[in-house]
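Written out below as structure tokens is the structure these notes cover.
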Amino acid sequence: MSDDFLPDGGLLASEVAGDNAPALSVSELSFALKRTVEGAFDHVRVRGEISGFKRVASGHCYFTLKDEAANIDAVIWRGQAAALRFRPEDGIEVIATGRLTTYPARSRYQIVVERLELAGQGALMALLDRRRQALAAEGLFDEARKRPLPFAPRTIGVVTSPTGAVIRDILHRLEDRFPVRVVLWPVPVQGDGAAEKVAAAVRGFNALPAPPDLLIVARGGGSIEDLWAFNEEVVVRAVAASAIPTISAVGHETDTTLCDFAADRRAPTPTAAAELAVPVRAELIGQVRELGARAERCARRTHERAGEQLQALLRHWPAREDLLAPQRQRLDDLGERLPRALRGRLDRARGELGHAAGALRPVLLRSAHERAKERIAALWRIAEAAHPERPLRRGYALVKDRAGHVLTSAAAAREARLLGLVFHDGAVDATVGEGGPPPPRRGGPAPPRVDQPKLL
């Protein structure tokens, strides 16, 4: 086989007729394409629908732009992603501005997005409607969640820009109607990070040790893009979760944001929010005065009617002398009967005393005395016979151990060994066992003699 041919019959690359260019590596070709694409498409605007949007942990965003016939990969680096004025979602039609490049590792081209905007107000409204439906399905806009506003709040918290006309309008209106304490939490109301700062302000007011009685979230009028921060999910959730009753006053009368649906009340303008927040002080003073006058008139009429009723009642009431005449007559009658009753009672008492004195004759008293002496003598004889020394006089002895306990059996005496014998005229020591003198006493004097006096 000739060296000019390959085994399959093809020619070697170096021998192809008319081709003497060197072969490129895959990397060389891929980077050459990258430079060509980036050079030819360094600034493009592409309109399409977002699909497969995802934000990775690094902060970069990846998605696909598509239309009816084709699609192209897109990436937004973290710095540009943080500056987006809205949150990209699948199904939104957008206009992406950036540059075209390739990803050599996969031989794919993609657009690096530097700015992303909604493709017209219709796309923005479609996004708004989808978000509204999703949040409403969670119950964040339910009327049952709405709380009544306090009638006369002492402190009102306001979330808005510190430099716009909104805060001045609110303060002036409150001063005219019902001056209260106002606490401002300054936030940007549009642009990068506005939604997060508004939500943080609402949560911050709720976290205060002494939170205000009412919140007003306010912004002046503008386009739907200008008001978009108040359509962001983070603001809607913060307002819906607020424990403080909240008024949403974003834009003009015709402007509607999702914050309006989440708040407890919606005001068409910031000035109207101040009117909803407090009553009119002058009207309240007038009402109090009118109620006071009515109460005074009512009390006066009641007093007058009571006086008239009393006079009418007194005209039909009997005279005092007529009411007391029976009682006075009965008192006179009892006064006359009392001395006679006392004399009769005294006579009866004297008769009873004389009868009792006659029953107490001297003979009866002497007889009762003799019987009492006989009973006492019999009792003494019984007590003398029961005296513990009586048996001792007849030759008996009382046996005790050295501790003074009375022994009543021979076994107890043998166990004690050292005994004390008490006779009627004294006590002696004794020992149980063989003969011999008793051992000396080891403790304490001999038990004293108990002399029981005679009873008779």
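Name the residues in segment 68-105 that are over 17 Å from E49 (Cβ atoms), part of a strand (DSSP E or B), modelled with pLDDT of 85 or more and not charged (D, E, K, R), would you?
L100, T101 - these are the residues of segment 68-105 that are over 17 Å from E49 (Cβ atoms), part of a strand (DSSP E or B), modelled with pLDDT of 85 or more and not charged (D, E, K, R).
A quick yes/no check of all residues on (1) of a type in the set (A, V, I, L, M, F, W, C); (2) surrounded by 10 or more Cβ atoms within 10 Å (Cβ to Cβ); (3) modelled with pLDDT under 85:
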position: R266; (1), (2), (3): no, yes, no
position: V288; (1), (2), (3): yes, yes, no
position: E296; (1), (2), (3): no, yes, no
position: R305; (1), (2), (3): no, yes, no
position: Q311; (1), (2), (3): no, no, no
position: R315; (1), (2), (3): no, no, yes
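I need the full set of residues from segment 247-261 which are touching a Lys or Arg at 6+ places or on another chain (Cβ under 8 Å), modelled with pLDDT of 90 or more and buried (at least 23 other Cβ atoms within 10 Å of the Cβ), in order please.
Within segment 247-261, I247, S248, A249, V250, L258, D260 meet the criteria.
Checking the condition surrounded by fewer than 23 Cβ atoms within 10 Å (Cβ to Cβ), under 26 Å from A152 (Cβ atoms) and basic (K, R), which residue from R237, R219, R203 passes?
R203
Within segment 141-151, can one find any residue that is among the small types (G, A, S) and either part of a loop (DSSP other than H, G, I, E, B) or farther than 27 Å from N206 by Cβ (or both)?
To start, the set of residues in segment 141-151 that are among the small types (G, A, S) comprises 144.
Those still in the list that are either part of a loop (DSSP other than H, G, I, E, B) or farther than 27 Å from N206 by Cβ (or both) too: none.
The answer is no, given that none of the residues of segment 141-151 is among the small types (G, A, S) and either part of a loop (DSSP other than H, G, I, E, B) or farther than 27 Å from N206 by Cβ (or both).
In segment 190-231, how many are of a type in the set (D, E) and either in contact with a strand residue (DSSP E or B) (Cβ under 7 Å, 6 or more places away or on another chain) or at pLDDT 90 or above (or both)?
2
Based on what the data block shows, is L174 outside the structural domain of L214 (by TED's automatic domain parsing) and surrounded by 18 or more Cβ atoms within 10 Å (Cβ to Cβ)?
Against the criterion (outside the structural domain of L214 (by TED's automatic domain parsing) and surrounded by 18 or more Cβ atoms within 10 Å (Cβ to Cβ)), L174 does not qualify.
Just give me the residues in segment 382-430 being in contact (Cβ under 8 Å) with a residue 60 or more places away in the chain and either touching a Leu at 6+ places or on another chain (Cβ under 7 Å) or part of a strand (DSSP E or B) (or both), in sequence order.
Matches in segment 382-430: A383, E384, H387.
Quick check: anything in segment 270-285 in contact (Cβ under 8 Å) with a residue 40 or more places away in the chain and hydroxyl-bearing (S, T, Y)?
Yes, segment 270-285 has at least one match.
Which ones in segment 46-65 are over 45 Å from the mean Cα position of the chain (by Cα) and surrounded by 15 or more Cβ atoms within 10 Å (Cβ to Cβ)?
Scanning segment 46-65 gives V46, G48, E49, I50, F63, T64, L65.
Within segment 130-137, does at least one residue satisfy the condition of being touching a residue at least 40 places away in the same chain (Cβ under 8 Å) and in contact with a strand residue (DSSP E or B) (Cβ under 7 Å, 6 or more places away or on another chain)?
No: segment 130-137 contains no residue that is touching a residue at least 40 places away in the same chain (Cβ under 8 Å) and in contact with a strand residue (DSSP E or B) (Cβ under 7 Å, 6 or more places away or on another chain).
Go through R108, R131, R115, R147 for me and flag whichever is at pLDDT 80 or above, basic (K, R) and crowded, with 16+ Cβ neighbours inside 10 Å.
Step by step, each of R108, R131, R115, R147 is checked, and only R131 is at pLDDT 80 or above, basic (K, R) and crowded, with 16+ Cβ neighbours inside 10 Å.
If only one of V187, V182 is farther than 16 Å from A267 by Cβ and free of Cβ contacts under 8 Å to residues at least 40 places away in the same chain, which one is it? Full working, then the answer.
Values: V182 fails: farther than 16 Å from A267 by Cβ.
Going through V187, V182 in turn, the sole match is V187.
The values are calculated or read from the model by the stated rules, or taken from the named source; none is laboratory data. Everything numeric in this text was worked out from a predicted model, so none of it was measured. Note that each Cβ is placed from the backbone with ideal geometry, even for glycine, and that neighbours are counted across all protein chains shown.
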